[in-house]
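S.K.: Pasting a structure here, questions to come.
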Amino acid sequence: MKTDLSARFGFLVRETATLYGQQFDRRAREELGLSQAQVRLLWKLANHGDEPPSQAELAQSLGITPMAVATMCDRLALAGWVERRPHASDRRVNQLHILPKARDALAHAVQIGDELTAGVLRGFSAAERKQLLALLARAREGLLEAETKESTS
C-alpha cells in the first residue's frame, strides 16, 4: 500500500521549511557570508536579554550539540561576528557577545527573509497571508501544548 504524503500536514510543513531554508541559506551565504544556521545563532544572541548566553545555553535553545555551537562560534569569532568573554563569576564559562557588524547583518537577514516570503506568497491575497500565519501559529501552539502535556505526564 502506497501512501501519498504530499497533502499531509507534517510532510507539507517539513518540505516547505526545508525549501525555504535552502533558499534563505543560499542568499544569506551570497549576500552576507553567513549560513542560515549562523544567522539563527546570531539572532539568538541578539535577542537573548541582558545576560549573554553560554555556548551550552545556545546549543540547547537551537536544538544542536554543544560541539556544533562551539565550532560555529569559533568561525563567527574568527570572522569578527561575535566575541567570547569570560563569565564574571564563573571562569569555566565563556559568554558570547554579538558585535555591531553582526547586528547590521541581522537587519539584512530580515530583509532577505521578507523578500523571500514576499516571493513565495505572491499569489496569496493579504487576507490569505494573514490567515496562513494565524493558522500556522495555532498549529505551533497545539504542538507546544502537546509537548508540555507529554513532559508533565
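S.K.: What are the residues in the range 1-40 that are polar (S, T, N, Q), at pLDDT 90 or above and surrounded by fewer than 14 Cβ atoms within 10 Å (Cβ to Cβ), if any?
M.R.: Thr16, Thr18, Gln22
S.K.: Follow-up. If I ask for residues that are among the charged types (D, E, K, R) and closer than 21 Å to Asp90 by Cα, which ones from the range 34-73 would you list?
M.R.: Asp50, Glu51, Glu57 - these are the residues of the range 34-73 that are among the charged types (D, E, K, R) and closer than 21 Å to Asp90 by Cα.
S.K.: Only one of Leu136, Leu143 is of a type in the set (A, V, I, L, M, F, W, C) and either surrounded by 12 or more Cβ atoms within 10 Å (Cβ to Cβ) or within 15 Å of Thr16 (Cβ to Cβ) (or both); which?
M.R.: Just one listed residue meets the conditions, Leu136.
S.K.: Let me ask another. For the range 41-86, give me each residue that is modelled with pLDDT of 90 or more, crowded, with 19+ Cβ neighbours inside 10 Å and either within 16 Å of the chain's Cα centre (by Cα) or not β-branched (Val, Ile, Thr) (or both).
M.R.: Listed by number, the residues that qualify are Leu41, Leu42, Leu45, Ala59, Val69, Met72, Cys73, Leu76, Trp81.
S.K.: Quick one: what pairs do we get from the range 8-20, first residue more than 18 Å from Leu121 (Cβ to Cβ), second outside any helix (DSSP H, G or I) and of a type outside the set (Val, Ile, Thr), C-beta under 8 Å, 6+ apart or different chains?
M.R.: Phe11/Leu5
S.K.: Let me ask something else about it. In the list Arg75, Arg27, which residue meets the criterion of being among the basic types (Lys, Arg) and touching a helix residue (DSSP H, G or I) at 6+ places or on another chain (Cβ under 6 Å)?
M.R.: Arg27
S.K.: Which residues, taken from the range 58-97, are farther than 17 Å from Gln38 by Cβ and not aliphatic (A, V, I, L, M)?
M.R.: Residues satisfying the conditions are Gln60, Arg85, Pro86, His87, Ser89, Asp90, Arg91, Arg92, Asn94, Gln95.
S.K.: Tally time: how many residues in the range 26-44 are farther than 11 Å from Leu106 by Cα and in contact with a Leu (Cβ under 9 Å, 6 or more places away or on another chain)?
M.R.: Of the residues in that region, 2 qualify.
S.K.: So Ala118 passes all but one of these: (1) in contact with a Leu (Cβ under 8 Å, 6 or more places away or on another chain); (2) at pLDDT 95 or above. Which condition number does it fail?
M.R.: Just one mismatch for Ala118, condition (1).
S.K.: Since Ile112 meets every condition but one in (1) among the hydrophobic types (A, V, I, L, M, F, W, C); (2) over 19 Å from Gly21 (Cα atoms); (3) out of contact with any Pro (no Cβ under 6 Å at 6 or more places or on another chain); (4) surrounded by 16 or more Cβ atoms within 10 Å (Cβ to Cβ), which condition does it not meet?
M.R.: (2)
The values are calculated or read from the model by the stated rules, or taken from the named source; none is laboratory data. Model, not experiment: these values are computed from the prediction. Cβ: placed from backbone, ideal geometry, glycine included. Neighbour counts: every protein chain shown.
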